[in-house]
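Before any comments, here is the structure.
The values are calculated or read from the model by the stated rules, or taken from the named source; none is laboratory data. Treat the numbers as computed from the prediction; the structure is a model and nothing was measured. Backbone-built Cβ (ideal geometry, glycine too); neighbour counts: all protein chains shown.
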Amino acid sequence: MTELPNLAHARQLIGADVRDAPTPALILDLPKVRANIAEMARRMSSVPAALRPHAKIHKSPILGQMQIDAGAIGLTTATVWEAAAMIEAGIAEVLIANQVVGPRKVAELARLASIGEVITLVDDAGNVEQISAAAQKAGSEVGILVELDVGLHRAGVRSVAAAVELAEYVERAPGVRLRGPFGYEGHCMLEPDRAERVRKAQAANAALLELADELEAHGLSTEIVAAGGLGTWDITGANPRITEIHAGSYIFSDAFHRNLVPGFEPALTVLATIISRSGAMAVLDCGRKSIGIDRTPPELVGVRGAIRFEHGEYFIHEEHTAIELDDEPQLAVGDTVRLMPGYSPTTVNFYDCYYVVEDGRVIDVWPVLGRYGSETAGSAP
């Protein structure tokens, strides 16, 4: 894969103090990442399900390989382009936990299946036909999970009977192989009440297992029965009939996930420079275009203060974030601070690379891959 043009410039910072990085900069604390990977591996050892972590969080084959080395059975991605980045870097097996639709993306899917093991979701017979034709043309075989809507009401076949009918269609189609059912209980992830989250997740899991029972009764594969994310890792993962879950945000945590599932270190920050200061208020050179604010605002790290609020909303514009500093008179224009993202996955998507840091120094620069089709789809027609 061709290296992104600005990575060579970023690598000039290797060995430097992290505060020398041009801001806004994406900072990965390597010891904390290693600790988070080890902690999730420890937790997964207590449940029967395997972990296939979601690489949409980090978009890095290096981090994905670290997760596999710690016991993950492969990786999950949201897009075919993320899958391409992982497979072309040597990751052997990838589940695209999404529908892959459209001729260019389906051609890429079929191509990837010729160099690695690729599984994708379907909920439509026409999509199966398209994937089948592309796989036959590429001389490959694409793994298929039939997605059932278990309560999220996003994608997925809406009834068990219709899902079985679709699975039978997959079974007959050349160039594809039915691997089993999929049912993501995403509507349960954000439930703050633990008892209610358990109830909702178990109900969703029961719907998925009803489909698994029907597939088995029709002689169809349930080699994989897939569900689960970080918010339900110990609920869905504890079900002995669910073979794998796809938790991923544990690797970085953030201001949102830290409260949803405690016990993981905030390993990702955005380095920002103070570009203006007036009294207790300082303005940073990062905003909505450089830090994820989904569900909760970012938080200052290692500095006494907080995001400034105005008219009931936090002061984060496209290129600026205003903060209120508490007793920090030494911080002046030109100084840097770090922000923990409100939401790590969308933060990563803004950047081309991580500055990998240990003990305050940049020890490496890792690319963020799979954001655009043009990075990886050179072979697709």
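List of remarks:
- Answer residue from the stretch 268-280, given it is closer than 16 Å to GLU299 by Cα and hydrophobic (A, V, I, L, M, F, W, C) and is nearest to the chain's Cα centre (by Cα) among those: LEU268
- The set of residues from the stretch 241-284 being hydrophobic (A, V, I, L, M, F, W, C) and out of contact with any strand residue (DSSP E or B) (no Cβ under 7 Å at 6 or more places or on another chain) comprises ILE242, ILE251, PHE256, LEU260, VAL261, PHE264.
- Filtered residues of the stretch 174-201 (kept if buried (at least 22 other Cβ atoms within 10 Å of the Cβ), aliphatic (A, V, I, L, M) and part of a helix (DSSP H, G or I)): ALA201
- Pick from the stretch 16-67, criterion outside any loop (DSSP other than H, G, I, E, B) and of a type in the set (S, T, N, Q), ranking: surrounded by the most Cβ atoms within 10 Å (Cβ to Cβ): GLN67
- If the condition is being out of contact with any Lys or Arg (no Cβ under 6 Å at 6 or more places or on another chain) and farther than 25 Å from VAL225 by Cβ, then the stretch 131-144 contributes ALA133, ALA134, GLN136, LYS137, GLY139.
- Residues located in the stretch 192-203, provided they are farther than 14 Å from GLY228 by Cβ and not small (Gly, Ala, Ser): PRO192, ASP193, ARG194, GLU196, ARG199
- Tallying residues that are at pLDDT 95 or above and either among the polar types (S, T, N, Q) or buried (at least 19 other Cβ atoms within 10 Å of the Cβ) (or both) within the stretch 330-342 yields 7.
- Unique match (being farther than 18 Å from ARG52 by Cβ, free of Cβ contacts under 8 Å to residues at least 24 places away in the same chain and outside any loop (DSSP other than H, G, I, E, B)) among GLU171, GLU165, GLU108, GLU129: GLU165
- Screening the stretch 283-295 for residues that are surrounded by fewer than 20 Cβ atoms within 10 Å (Cβ to Cβ) and of a type outside the set (Gly, Ala, Ser) and picking the one that is nearest to THR23 (Cα to Cα) gives ASP285.
- Single condition ILE115 does not satisfy, out of (1) among the aliphatic types (A, V, I, L, M); (2) within 25 Å of GLY229 (Cα to Cα); (3) touching an Asp or Glu at 6+ places or on another chain (Cβ under 9 Å): (2)
- Selection of the stretch 231-267 for residues being within 14 Å of the chain's Cα centre (by Cα) and either surrounded by fewer than 20 Cβ atoms within 10 Å (Cβ to Cβ) or part of a loop (DSSP other than H, G, I, E, B) (or both) yields HIS246, ALA247, GLY248, PHE252, SER253, ASP254.
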